[in-house]
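Notes follow the structure.
The values are calculated or read from the model by the stated rules, or taken from the named source; none is laboratory data. All figures in this text were calculated on a predicted structure; none of them were measured in a lab. So basically every Cβ, Gly included, is an ideal-geometry build from the backbone, and we count neighbours across all protein chains shown.
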Amino acid sequence: MITVRLDKNKHLRKRFDCGIAALNSYLCMMANQQSSRDNSRTFVLEDDNNPAYIIGFYTLTMAPIDLSALPSPLQQKHRHARSGGLIARLAVDKRNTHQVYGVWLLIDALKKLLSASEQVAFPVIIVDAKAGAVQFYEKFGFTAFADQTNKLFITVADVRSSLAD
């Protein structure tokens, strides 16, 4: 499996349905526009039988860090940091939810952000978890910010260590 950048001329975005209207709408109407403006990048996992069908997607960008919402040791260590990598969206089509695609997409997103951090340093990766998804991210080592339970982070160092194993 590999992800590719969303291509509005190839991928059937309107066919995608993860069950969350905001995510479906973003993929259909905003993802390509935000990419063309260099605000974010959306990657899709294509169906092997029909590459126009989207199994799942994620969107990556950067986000400011509220250092005061991080644990004290991280506040001290990264006191000069101002931004982190952001997994802004991650969704799997309802036709594929009983498979491991969500996990695979998360790992792929983390690998891309880890690679980016080698070129442009940032200390944390942030995720805005949609309703019911907090536990999914916590299983992979993400921790909620002190002031927002649906906004989680993991350090780049922890991702690097996990992916090295």
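Against the test of being among the aliphatic types (A, V, I, L, M), under 30 Å from R15 (Cβ atoms) and in contact with a Gly (Cβ under 6 Å, 6 or more places away or on another chain), the options L86, L152, L90, L105 yield a single qualifying residue, L105. If you check I125, I154, which single one turns out to be crowded, with 18+ Cβ neighbours inside 10 Å, more than 16 Å from R41 (Cα to Cα) and among the β-branched types (V, I, T)? Exactly one of I125, I154 is crowded, with 18+ Cβ neighbours inside 10 Å, more than 16 Å from R41 (Cα to Cα) and among the β-branched types (V, I, T), namely I154.
Yes/no matrix, rows are residues, columns are (1) surrounded by fewer than 16 Cβ atoms within 10 Å (Cβ to Cβ); (2) of a type in the set (D, E, K, R); (3) in contact (Cβ under 8 Å) with a residue 60 or more places away in the chain; (4) in contact with a His (Cβ under 7 Å, 6 or more places away or on another chain):
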position: H78; (1), (2), (3), (4): no, no, no, no
position: H98; (1), (2), (3), (4): yes, no, no, no
position: G102; (1), (2), (3), (4): no, no, no, no
position: K111; (1), (2), (3), (4): yes, yes, no, no
position: Q135; (1), (2), (3), (4): yes, no, no, no
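Restricting the stretch 13-35 to residues that are farther than 15 Å from A88 by Cα and surrounded by 13 or more Cβ atoms within 10 Å (Cβ to Cβ), the residue that is nearest to the chain's Cα centre (by Cα) is C18.
Within the stretch 125-138, the set of residues being aliphatic (A, V, I, L, M) and at pLDDT below 95 comprises A129, A131, A133, V134.
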